[in-house]
Amino acid sequence: MPQAATLLAKPAAGSDFAPLLRQVRDQGLLERRTGWYARSIAVNLLALAATATGIVLLGDSWWTVLLAVPAALFWARTAFVGHDSGHAQITVTRRMGRLLGLLHADLLLGMSYAWWNDKHNRHHANPNHVDKDPDVGVGALVWTQRQAAQRQGFSRWLTRNQARLFFPMLLLEGIALKVSSVRDLKRQSAGERRTEAALLALHVTGYATLLLSSMSPGKAVVFALVHHALFGLHLGMVFAPNHKGMEMPDPDGERWGHLQRQVLTSRNVRGGTVTDWLMGGLNYQIEHHLFPNMPRPHLRLARPLVRAHCRASGLPYTETGIVDSYRQALHHMHDVGAPLRTG
């Protein structure tokens, strides 16, 4: 399977992206941070182990359900590692990157690494392109008024109200990720399918054993539902501000170059250390899309270079606060459903 890192194609001489790429390379921002990732992964694994130990020690008590909060937070950190593995940010070899991805996505999260990587590669290649980006295809939500006009029945009602329903629907995302992962197994090659199916089965077995050996079935179900709801909400709140409400290329229009395609469709979220931690560095979405194999701790360092280059190139560099980013995304979703509310 192609790695997301291959999306950083070598630019043609004289392209508007080439000078920026040279600057970034000269400053060493594309060099891997193996030690940083090793420490981050170790700390996260210890945090997951501590949370699991807390579940066992608290046992059959409703207080145990409170541990779903840190469990969701550290699952999100696990997802960020899987994401970075798919982009070849962590390791030199594709084999080791895939191994890290399989362990973090399939085994620890119960989410298919191959499914996510395939979907995410297509998103990076053509962000916000209605015909090529799976993240703006027709699903539970839609992203253009043309898509909205084709909705019927319950889907039509959903689209009319999708802005107000967006955050509640994210509570289902954690389960939806698992369902999509299982469905994708039939697409995979036989060897890949065997590996992923085995790891997904181990995840379900281990997760169920941990909960059912520590608490009653009723409490275990409540814990699992709260845990997956918070995990889905967290991931959705990380990814929603990045592209929703940004430019959407005209499928029949002029083809954009790499710089335009990635900058015009992406939005950064300003913040400090806490924002960077909670969003896994993906609040530097413009830098991430321009340099998908750049290690996560270097994204904020590349930001001044990218912002200055965009200014010199006459491209808008969109950056806003976290609350305003959600406002813009929700406003876009509200506008998409507007014709259905007045028709």
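The values are calculated or read from the model by the stated rules, or taken from the named source; none is laboratory data. Model, not experiment: these values are computed from the prediction. As a convention, Cβ positions derive from the backbone with ideal geometry for all residues, glycine included, and neighbour counts pool all protein chains shown.
The table that follows gives values for the structure above.
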item	result
Among residues of region 242-271, those that are modelled with pLDDT under 90 and closer than 19 Å to Leu299 by Cβ, counted	1
Leading residue by the ranking (surrounded by the fewest Cβ atoms within 10 Å (Cβ to Cβ)) among those in region 210-256 that are under 30 Å from Asp276 (Cβ atoms) and in contact with an Asp or Glu (Cβ under 6 Å, 6 or more places away or on another chain)	Gly236
Which numbered condition Pro70 fails, given (1) under 14 Å from Leu108 (Cα atoms); (2) in contact with a helix residue (DSSP H, G or I) (Cβ under 6 Å, 6 or more places away or on another chain)	(1)
From the options Thr195, Thr159, Thr144, residue that is of a type in the set (S, T, N, Q), in contact (Cβ under 8 Å) with a residue 60 or more places away in the chain and farther than 20 Å from Leu340 by Cα	Thr195
Test: residue in region 326-334 that is among the aromatic types (Phe, Trp, Tyr) and either over 24 Å from Leu141 (Cβ atoms) or surrounded by fewer than 17 Cβ atoms within 10 Å (Cβ to Cβ) (or both)	no
Test set (1) closer than 26 Å to Arg255 by Cβ; (2) out of contact with any Gly (no Cβ under 9 Å at 6 or more places or on another chain); (3) part of a helix (DSSP H, G or I) - Trp115 fails condition number	(1)
Search result, residues across region 78-97 that are in contact (Cβ under 8 Å) with a residue 60 or more places away in the chain and buried (at least 20 other Cβ atoms within 10 Å of the Cβ)	Ala79, Phe80, His83, Asp84, Gly86, His87, Ala88, Gln89, Ile90, Gly97
Residue match in region 303-316 (condition: within 21 Å of the chain's Cα centre (by Cα), surrounded by 16 or more Cβ atoms within 10 Å (Cβ to Cβ) and closer than 30 Å to Gly35 by Cα)	yes
Among residues of region 1-36, those that are at pLDDT below 95, assigned to a helix (DSSP H, G or I) and buried (at least 18 other Cβ atoms within 10 Å of the Cβ), counted	3
Of all residues making up region 178-189, the number that are outside any helix (DSSP H, G or I) and surrounded by 14 or more Cβ atoms within 10 Å (Cβ to Cβ)	1
Some residue of region 64-72 being under 17 Å from the mean Cα position of the chain (by Cα), crowded, with 16+ Cβ neighbours inside 10 Å and not polar (S, T, N, Q)	yes
Residues (surrounded by fewer than 20 Cβ atoms within 10 Å (Cβ to Cβ), in contact with a helix residue (DSSP H, G or I) (Cβ under 7 Å, 6 or more places away or on another chain) and more than 17 Å from Pro304 (Cβ to Cβ)) located in region 257-279	Thr275
Residue within region 169-179 that is at pLDDT 95 or above and farther than 23 Å from Val69 by Cα present	no
Candidates Leu73, Leu102 - the one that is in contact (Cβ under 8 Å) with a residue 24 or more places away in the chain, under 24 Å from Ser213 (Cβ atoms) and not basic (Lys, Arg)	Leu73
Helices (runs of 4 or more DSSP H) lying entirely in region 252-343 (those with 1 or more residues that are closer than 18 Å to Phe80 by Cα and free of Cβ contacts under 8 Å to residues at least 40 places away in the same chain)	273-278, 285-290, 299-313
Pairs, first touching a residue at least 12 places away in the same chain (Cβ under 8 Å) and farther than 20 Å from Leu67 by Cα in region 222-241, second crowded, with 21+ Cβ neighbours inside 10 Å and β-branched (Val, Ile, Thr), C-beta under 9 Å, six or more apart	Pro241/Val269
